[in-house]
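Inspection log for the structure reproduced underneath, given as structure tokens.
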Amino acid sequence: MSSTANTTVASVGTPSRRNTELVMLGFAVLVTVLAYANTGLALDGTLPAGMVAYGLGLAGIAGAAHLVVRRWAPYADPLMLPLCTLLNGLGLVLIWRLDHEPRLQPANAAPSQLMWSALGVALFLGVLIFLRDHRVLQRYTYISMVVAFVLLLLPLFFGADTNGARIWVRIPGVGTLQPGEFAKIVIAVFFAGYLMVKRDALALASRRFLGMYLPRGRDLGPILVVWAVSLMILVLETDLGMSLLFFGMFVVMLYVATERTSWIVFGLLLSVGGAVFVASFNYHVGQRVHNWLNPLELGSNGGVTETAQAMYAFGSGGLLGSGLGEGYSRLIGGIATKSDYILATVGEELGLVGLMAVLLVYALLIQRGLRTALAARDPFGKLLAVGLSGVFALQVFVVAGGVTGLIPLTGMTMPFMAQGGSSVIANWALIAILLRISDTARRPAPVPASSTDAEQTQVVRA
Amino acid sequence: MSELTLTVMRLGFLAVLWLFVIVAVQVIRSDLFGTRVTQRATARRGAPEQRAQPQRRQQQSGRGNRQRRGAPTKLVVTEGSLTGTTVALQGQTITLGRAHDSTIVLDDDYASGRHARIYPDQDGQWIVEDLGSTNGTYLDRSRLTTAMPIPPGAPVRIGKTVIELRK
């Protein structure tokens, strides 16, 4: 541990804020049910038939999650669960709303998405119940590396080329799975464990040059390996998003572990260089970049590009939006209206005002993750929390940036909101690990041992 | 459904959504205003990693509560990389070492994983005990061989780190 922290941040007040969480959860469910009623009124002129059942179902899921958190992670952050519930619920409403457009595929996606969300919450509960201490994960540093590589490379061998990217694995009888979504959690565990051990070497052995610390040549090894792997994903699976996510997370964690700005400079240079290189050679990626630079050009099929359609959607929404259920999302062609482009529907029907609120909810969620990292007392937990919230932030940035035309579009799903089973399940698991770390971080120290015998036992164990 | 109702619902929903965001921000307001930030004496360089030492405030069980008048109330690190860190003494056992579950995680090559502990005895007198460390724990100038009470202001040295008990 090379850092010299110059301040101590101690929170004052009651550590457990479960009642706050309960109130916020109720609020989140209320907002979602309101959205549902709003959509139903606009589409059919009546309150949707399933409204009570849907509201009760969502409240039931949220309530179960709350009770488990109360029992197994009593000091966890009070805000993460309500924020996730809101995003997931809003996403369900939007998918249900898009189900009303018969042209959009897959048809009738809301019930299956509801099932995936329930599964996701079940996994969330499972992680909270069975992972009693996040430090256990530290033991599996190198196993996670292997698992992550297997998950990342799985689509290469068993995958099907869908929409130009090879990121799905078909499991007979179950459907398709996106292993990359799970890989991002596993790989965060590996990076946290690895950097915790190696960060002194990476931080201290360096020369100063032009106001920057230049690492020694051999210390560049790990970052080059990760860069190569991420480029390989980009080239072989043509998955720009996962490649960005993977490399970006490594650079973020490297920076946090070593406190050296030079790593960020190196990371940016490497990723820009790699992206330019691949974009000029790979057709699929090059196409995406071309669409990004010339959104209003006619597409290869003679129609308007998806990028342009998303922009029209935002423009048509304006400041206050057209109202839920009153937009023209059906005009966004292609196959990803319910997943990658769901943010365009938010932008059209809730307007800039609503889109900003949704992005703020994401920002708050990320802030809670980073706050957990600050409060964590063990370096592994710190790095893991930074990695997990960093990867979440990057994913939100990559998707939102792609849909709004800031960066080339990548095939990623908006966490919690977009339709897609793997994504929602993996993100619930990610939040569960963050809650576990935050529970450990905010838990007050154990009550002093009451007898000398107990103290002796402690010494022996130590 | 009339146009007016839909407009009211549309704007109402946006208002509720923003209300949620604002309430959520209120919940985490304690991050900004409810925390106590202690500036450490020697800040050698800015550090994004802040080692938070939550004030341990817990209900005190009968034994630990017997604090005498003039008893030390906090433990202060006076030398070493953690200089300036304070931990409130509230009857709990304080463990020192490099192990990451220690109360004070020492960032010190000369410290053992579980180096020493400091705890109050029956009378509320604070005792320091070496836990079989490699390089030893020093109270003032002498190496500890047995658990010793800490006089107020006496430095306890572990590797490059020096701690003191203060009122």
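Along region A:68-76 the Karplus relation, 6.51 cos²θ - 1.76 cosθ + 1.60 evaluated at θ = phi - 60°, assigns HN-Hα couplings of 5, 4, 4, 7, 9, 9, x, 9, 5 Hz to successive residues, with x for each Gly and Pro. Cross-link pairs exceeding 29 Å between alpha carbons, from the set A:Lys198/B:Lys167; A:Lys184/A:Lys338; A:Lys198/B:Lys160: A:Lys198/B:Lys167. Within 10 Å of the Cβ of each residue in B:6-16, the mean number of Cβ atoms contributed by other protein chains is 6. By the gyration tensor of its Cα atoms, with a ≥ b ≥ c the square roots of the eigenvalues, what is the shape of region A:348-424: rounded for a/c under 1.5, prolate for a/b over b/c, or oblate? It comes out prolate by the Cα gyration axes.
How long are the three semi-axes of the equivalent ellipsoid of region A:74-135, in whole Å, if each is the root of 5 times an eigenvalue of the C-alpha gyration tensor, listed from largest down?
Rounded to whole Å, the semi-axes are 31, 13, 7.
Looking at the square roots a ≥ b ≥ c of the eigenvalues of the Cα gyration tensor of region A:276-355, which shape do they give, rounded for a/c under 1.5, prolate if a/b is larger than b/c, or oblate? Since a/c reaches 1.5 and a/b is larger than b/c, the shape of region A:276-355 is classed as prolate. Peptide A:371-379 is shielded by partner chain Cβ atoms: per residue, an average of 5 of them sit within 10 Å of its Cβ.
Hey, got a sec? Which trypsin sites (Lys or Arg not before Pro) in region A:72-135 land in a DSSP loop and have at most 12 other Cβ atoms within 10 Å? When the trypsin sites (Lys or Arg not before Pro) of region A:72-135 are filtered for loop state and at most 12 Cβ neighbours within 10 Å, A:Arg103 remain. Once you compute Rg and the Kirkwood Rh from C-alpha atoms, what is the Rg to Rh ratio for region B:83-167? On the Cα set of region B:83-167, Rg over Rh gives 0.92.
None of the figures in this text is laboratory data; all of them are computed from the coordinates on show. Quick caveat, the model's predicted, so the values are computed rather than measured. Glycine gets a Cβ as well: all are built from the backbone with ideal geometry, and neighbour counts include every protein chain shown.
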